[in-house]
Amino acid sequence: MLKVTNISKNYSGVEVLKNISFDLQVNKTLSILGKSGGGKTTLLKIIAGLLRQDSGEILFDNINISEKAPELRKVVYLYQEPLLFPHLTVRGNLEFPLKLNKTLSKDMIKRKAEEMAEELSIADQLDKHPGQLSGGQSQRVNFGRALLASPRLLLLDEPFGNLDAQTRASMQTFYKKVEEEHQITSIFVTHDLKEALIMGDRYGFLENGKIREYSSLAEMQKDSITGLQNEINFWKELEG
Amino acid sequence: MKVEFRNVSKVLIYSVIVFPIIWIFIFSLFTNWAFPSIFGFGEFNINIWERLLDSESLLLSGLLLSLIISLITAILSVSLGFATSEVIYKSRYKNTLLLSAYFPYVLSPVVLALLLQVYFVKAGLSGSLIGVIVALFMIVYPYSVLFFVGYWNENLINMKQLVRTLGGNKFSAWTKVVIPVSKPVISLCFFQCFIIAWFEFGLTNLLGVGKVKTLPVQIYMYIQEANPYYAAVASCLMIAPPLFLLFINRRWMSESIKFSPLR
Amino acid sequence: MKKKILISFFLVITVVPVLAGLIYAFLYSLGITGVISKGLTFSYWKEILYSSGFFLSLFYSLIIGAITIFISFFIAYFIYPFFINGSGKGQLIMFIPLSIPPMVWAFYHYLMFSGAGFISRLSYHLGLISNPGEFPVLVNDNFGTIVILTHVVMAFPFFTLYFIRIHNSEKIDRLTTLAKNFGASDSEVSWRVRLPIIFLKSRVLLILYLVFVAGSYEVPLLLGSQSPRMITVFTLEKMQRFDLYDKPVAYGAAFLYAIVVLIIVLFSLKRSFRTDEGRV
C-alpha cells in the first residue's frame, strides 16, 4: 500500500503542495483531477523521486522510500509525451528496462519484449523507429516499456493529453484492460473530468496545493468544488 | 530568366568558395612562380610534400602538434561543456551565467592571451603544450557550454528522468540515452570546438612564445620568411582535417546554426 | 553537489581568469605593478587617451567591422533565397569557407592581391599594367580593402546559413504570401517584410560578429595597414616592443578594449535575453 503523508513543496516562496496526504490500496487507481499548474506534476515527480519534497514522507508497504533514488523505488513515471527513445527501435525501447536488469538472459529479454508487443498489438511494429509510429501506437509502446520495468506503482501524467478524441477514447479502454490484466497500482492525473471518472477507482481533486479525496463517485459529486454536479446538470439540460 | 540568373549566381558563389582550395593545392605543387606567369605555376616540385614523410619535418610535427592540441581541447570542452550546460540550462541564473560565457568567447583571443600572459608565466605554463591547451580551453569550453545550452530542452531532461524511473542510474541515463540521442549534436559541437582550436593563431603564438609551432604559427612564419610554397603546403594541411570533419557531419550541418552561440 | 562543482568550475574558467587579467592589466597601466613600477602614475593613461593612437585604432577596427558586416549582410540577404529549397548540398557548400582557417584565407588573398599576385598577373596579361609596380596597393593599404574582403568571405556564408534559419523559423514564406494578398509587390515584400524581419532577428548576431571582426588578429597582421592599425595589432605591437615603457600602455589599451567589448556584449545580449523572455 502507498501512503503519502504531509508532503509539502515550495518553489521560490510559492507553496505548490500543502501537506498532501492520501493512501492508495494495491491494484487500485487513484484519479487526480486538477487544473494546469495545480501541482499535479510536482506531486507525481516527488513520489517518483525526481523532485525532493520540503517535508513529509512516502511509504510503500510501510517502508519509507522518501529518500531513495528514483531507480530504487520501482515507481515508473509516464509523461504526457510517450518519450520513446529516438535512437532505438520499438524493440529496443521495450527491451530497455529489461536490459537494465542485469540478471536476465538475452533470450529472456527478447521473449518478454515480444510477448509484450503481442499483448499490446504492436508486434508488427517491432523493427520500426519511434518516428514511424502513430500517436496511439507510441503510447502503447510507452505503456509496454513501463510495464516491462515491473513497477509497483505507475504514475501517469495526462498520458492521453496529446491524442485526438477518438484515439484518446480507445486508449482509455485499452489502458483499463491492461491495468486489470497486470493488476497495476496507479495514480492517473488529468484535467479532464470524464477521463478521471473512467480511469479511477478512487478520486482526488487537487487545487491550490491541497488534495481532497473521495472514495466514490457519489462522494465526489456531493462536493461542489469539484464541479462534477455542475457538469452533470449541464449535460442533463442539454438533453432537455 | 529568373531561374537562369539564380543558377548563374549559384555557380559564381560555388566558384568563389571552391576556387581557393583548388588554387592553394595546385600552388603547393610548384616552386618559382615568377611574374607574370598565371597558370604556368613554375617548376613542378613536390619536394615539400615529400619532406612530410621525413620524421624530422617541421610541417609534420606541426600537423601532429595541431592535431593533438585541437583534439584534446575539443574532447575536454565538449565533455565538460555538455555536463555544465545541463546545470546552466536548469539554473535560475541561466542568462547571467551565459553572459559570462560569451565574454571570453567574444573578446579577441590574442587580447585574452595578453591579459593572461603574466599568470601563465608564473604558473610555468608559458611556452608549453599544456599552457596552450589550457588557454584554448578557456575559449572553447565557454563556446561548448553556449552551444549545448541552446540544445538542452524539456524533452531531453524528461527522457533522462524517465530512464531513472525505469530502473537506470544516473550513469546509464547519460550513456544509454542522453549521449546516444544527442550524438549528432555532440558531433557538431566537437567539429566546431575542434575548428576554433585548430584555427587559433594569436593566442597560441603569444602564450606558446613561438615554441609551440602549430600549423597556423608555421604559416605565419613561412610568409614572414617569404616562403609561400611551404606556407601553401601548410595551408593544405590546415584545410584537410576540417573538411574531413565537415564531410563526416554533412547530414547534420544545417542544424548546427540553430545551436550556434552567435545567435 | 555536482551542480555546485560544475557551476564553480564554469565560473573559474570564464570569469576568474578574465577578471584577474583585467585587474593585473589595470594595475600595470597605473604603474602599480610590473618591472618598471614606480608607484601610482597616470602618465601611461594620458598617453593611451591622448597620444598613443588607441582611439584611432579602436575606431578603425570598429569601422572595418561595420563595413564587413554591412557588405556580408547584403550579400547573404540577396543570396540566401537561392539556397532555401533543394537538396541541402548548397547549404553544405556554405560551410566550406567556414572550414578554412582565417590564416589560410589571409594567405590566399595575399597571393591573389599582392603586387606580384594572381590579379596583378591577370591585369598584366589583359594589358592593364606593364609591371607589378603599377598594380594598385591593395594588400596592407590604409582602407583595409583585403582585410575587409577576407572577413567578408568568411562572414557571408555564415550569415546566409543563419538567414535561412530565420526565414524558416519566422515563417517568412507565409508572411510573403500574406503580404502579396494585401497587394504588395515583390520588391515591397523584400524591403518591407523580409528585410526588417531578417535584420531584427539577426541584429545581436551582427553586433557580436562586428566585435569579432574588430578583434581579429591574423588577418590584419598579414594584410592590414601599418597606420592606422587594427586594435589587436596595435596592442600586441606595443606589448612586444623593446621599450619597457610601452608595456603599461599595451596593458592599458588591452584593458580599455576589453571594457568596450564587455559593454557592447552586455548591452546587446541583455536586450536579446529580455526579448527572449518576453516571447515566452
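Filtered by the rule that a residue be closer than 21 Å to residue C:3 by Cβ, charged (D, E, K, R) and surrounded by fewer than 19 Cβ atoms within 10 Å (Cβ to Cβ), region B:161-193 gives a lone residue, B:170. Put simply, of C:192, C:203 the only residue that is within 13 Å of chain B (Cβ to nearest Cβ), surrounded by fewer than 19 Cβ atoms within 10 Å (Cβ to Cβ) and within 25 Å of residue C:162 (Cβ to Cβ) is C:203. Filtering region B:124-148 to residues that are closer than 19 Å to residue B:83 by Cβ, crowded, with 24+ Cβ neighbours inside 10 Å and of a type in the set (Val, Ile, Thr) leaves B:139, B:140, B:145.
Just checking, which of C:117, C:144 is at positive phi and at pLDDT below 90? Every option except C:144 fails the conditions. Candidates C:236, C:269: the one that is in a helix (DSSP H, G or I), more than 22 Å from residue B:223 (Cα to Cα) and hydrophobic (A, V, I, L, M, F, W, C) is C:269. Identify all residues within region B:195-224 that are within 15 Å of residue B:59 (Cα to Cα) and part of a loop (DSSP other than H, G, I, E, B); write none if there are none. Of everything in region B:195-224, those that are within 15 Å of residue B:59 (Cα to Cα) and part of a loop (DSSP other than H, G, I, E, B) turn out to be B:210, B:211, B:212, B:213, B:214. Set side by side, the residues A:171, A:220 differ, and just one is surrounded by 21 or more Cβ atoms within 10 Å (Cβ to Cβ) and not aromatic (Phe, Trp, Tyr), which is A:220.
Taking region C:110-229 as the region of interest, the helices (runs of 4 or more DSSP H) fully inside it that hold 1 or more residues being more than 27 Å from residue C:96 (Cα to Cα) are C:118-125, C:172-181, C:195-214. As a summary of the residue check, residue C:171 satisfies the conditions (1) within 12 Å of chain B (Cβ to nearest Cβ); (2) surrounded by fewer than 17 Cβ atoms within 10 Å (Cβ to Cβ); (3) not hydroxyl-bearing (Ser, Thr, Tyr) except for the one numbered (1). Being more than 10 Å from chain B (Cβ to nearest Cβ) and modelled with pLDDT under 90, is that true of even one residue in region C:250-258? No, region C:250-258 contains no residue that is more than 10 Å from chain B (Cβ to nearest Cβ) and modelled with pLDDT under 90.
Residues in region A:184-205 that are among the hydrophobic types (A, V, I, L, M, F, W, C) and surrounded by fewer than 21 Cβ atoms within 10 Å (Cβ to Cβ): A:193, A:197, A:198. Each residue in region B:61-99 was checked for being in contact (Cβ under 8 Å) with a residue 12 or more places away in the chain, within 12 Å of another protein chain (Cβ to nearest Cβ) and among the polar types (S, T, N, Q), and 5 pass. Do we find that residue C:245 is of a type in the set (Phe, Trp, Tyr), modelled with pLDDT of 90 or more and part of a helix (DSSP H, G or I) in this structure? Considered against the rule, which asks whether it is of a type in the set (Phe, Trp, Tyr), modelled with pLDDT of 90 or more and part of a helix (DSSP H, G or I), residue C:245 comes out as no.
Across region C:1-42, the number of residues qualifying as away from chain B (no Cβ under 14 Å) and surrounded by 14 or more Cβ atoms within 10 Å (Cβ to Cβ) comes to 3. Listed by first and then second residue, the pairs linking a residue in region A:88-111 that is within 13 Å of chain B (Cβ to nearest Cβ) to a residue that is surrounded by 18 or more Cβ atoms within 10 Å (Cβ to Cβ) and among the hydroxyl-bearing types (Ser, Thr, Tyr), with Cβ atoms under 8 Å apart and 6 or more places separating them unless they lie on different chains, are A:100/B:172. Candidates are the residues of region C:59-81 that are buried (at least 17 other Cβ atoms within 10 Å of the Cβ) and hydrophobic (A, V, I, L, M, F, W, C); the one that is farthest from the other protein chains (Cβ to nearest Cβ) is C:67. Among the residues of region B:9-57, those that are at pLDDT 80 or above and in a loop (DSSP other than H, G, I, E, B) comprise B:29, B:57. Being over 21 Å from residue C:109 (Cα atoms) and either within 8 Å of chain B (Cβ to nearest Cβ) or among the hydrophobic types (A, V, I, L, M, F, W, C) (or both) is a condition met by no residue of region C:215-230. Summed over region C:32-54, residues that are of a type in the set (S, T, N, Q) and either free of Cβ contacts under 8 Å to residues at least 12 places away in the same chain or over 23 Å from residue C:232 (Cα atoms) (or both) total 4. Residues in region A:8-48 that are farther than 19 Å from residue A:203 by Cβ, crowded, with 20+ Cβ neighbours inside 10 Å and touching an Asp or Glu at 6+ places or on another chain (Cβ under 8 Å): A:9 alone.
Taken residue by residue, region B:194-209 has at least one member that is of a type in the set (Phe, Trp, Tyr) and more than 9 Å from every other protein chain (Cβ to nearest Cβ). When restricted to residues that are in contact (Cβ under 8 Å) with a residue 60 or more places away in the chain and in a loop (DSSP other than H, G, I, E, B), region B:159-194 contains 1. When region B:225-254 is limited to residues that are at the interface with chain C (Cβ under 10 Å from one of its Cβ atoms) and outside any helix (DSSP H, G or I), the one that is surrounded by the most Cβ atoms within 10 Å (Cβ to Cβ) turns out to be B:249. Taking region B:167-193 as the range and being of a type outside the set (A, V, I, L, M, F, W, C), touching an Asp or Glu at 6+ places or on another chain (Cβ under 9 Å) and at pLDDT 90 or above as the test, the residues that pass are B:167, B:168, B:169, B:170, B:172.
The values are calculated or read from the model by the stated rules, or taken from the named source; none is laboratory data. All values derive from a computational prediction rather than experimental measurement. Virtual Cβ from ideal backbone geometry, glycine too; neighbours counted across all protein chains shown.
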